[in-house]
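In what follows, a single structure is set out as structure tokens and then discussed.
The values are calculated or read from the model by the stated rules, or taken from the named source; none is laboratory data. The shown structure was predicted, so the numbers you read here are calculated from the model rather than taken from an experiment. FYI the Cβ positions are ideal-geometry reconstructions off the backbone, even for glycines, and counts take in every protein chain you see. In case anyone asks, the SASA skips ligands and DNA or RNA and just uses the protein heavy atoms, side chains included. Shrake-Rupley method; radii C 1.70, N 1.55, O 1.52, S 1.80 Å.
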Amino acid sequence: TDASLVRLTHLTYALHAFGLALGIFGASTVVGAFLGVPSLIALVINYVKRGDVRGTWLESHVNWQIRTFWWVLLWAVGISVISLLLLPLLGLGLVTWWIGLGVLGVWAIYRIARGWLRLQAREAMPA
């Protein structure tokens, strides 16, 4: 596999991790920061380079990162909608929102950490 594509895949994991770190150490939620500029840049790189990694073990990492981003976005929207619907019930919506986004944030951290560790070990991600 081309070493520059491996480095680029490390870079996209780093961008996702940076987005997560902004949420952990900043004023945003982990999910909110993950869906921000660093991860959007990584997502664009993943889509642009997807063809270059097709048929290699790196393809699984690119697909893993793309799926992680879109699943986090989908679940964040779903959690927000459910929370809004529950808002009139004595603040239950706010509790649902915080817990839901907290669990989703932990899941996003897990996905990026798991993928990056497997990339470091030069292992493909499961399909």
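Checked across the stretch 32-39, the condition of being over 21 Å from P126 (Cα atoms), over 11 Å from the mean Cα position of the chain (by Cα) and in contact (Cβ under 8 Å) with a residue 12 or more places away in the chain holds for at least one residue. Report every pair of residues separated by at least 6 positions or lying on different chains whose Cβ atoms are under 8 Å apart, first residue within the stretch 55-67 and in contact (Cβ under 8 Å) with a residue 40 or more places away in the chain, second among the β-branched types (V, I, T) and open to solvent by 50 Å² or more (accessible area, probe 1.4 Å). If the second residue must be among the β-branched types (V, I, T) and open to solvent by 50 Å² or more (accessible area, probe 1.4 Å), the pairs left are T56/T1; W57/T1; L58/T1.
Name the residues in the stretch 29-60 that are in a helix (DSSP H, G or I), closer than 30 Å to L94 by Cβ and open to solvent by less than 70 Å² (accessible area, probe 1.4 Å), would you?
The answer is V30, V31, G32, A33, F34, P38, S39, L43.
Scan the stretch 6-21 residue by residue and report those that are within 13 Å of the chain's Cα centre (by Cα) and open to solvent by 60 Å² or more (accessible area, probe 1.4 Å).
Here is the first cut: in the stretch 6-21, the residues within 13 Å of the chain's Cα centre (by Cα) are 12-21.
Residue satisfying the conditions is F18 alone.
So, I45, is that one within 20 Å of R114 (Cα to Cα) and among the hydrophobic types (A, V, I, L, M, F, W, C) or not? Full working, then the answer.
Details: within 20 Å of R114 (Cα to Cα): yes; among the hydrophobic types (A, V, I, L, M, F, W, C): yes.
Judged against the criteria, I45 is a match.
Entry remark, the stretch 68-127: residues being at pLDDT 85 or above, outside any helix (DSSP H, G or I) and either open to solvent by 60 Å² or more (accessible area, probe 1.4 Å) or charged (D, E, K, R) (or both) number 2 in total.
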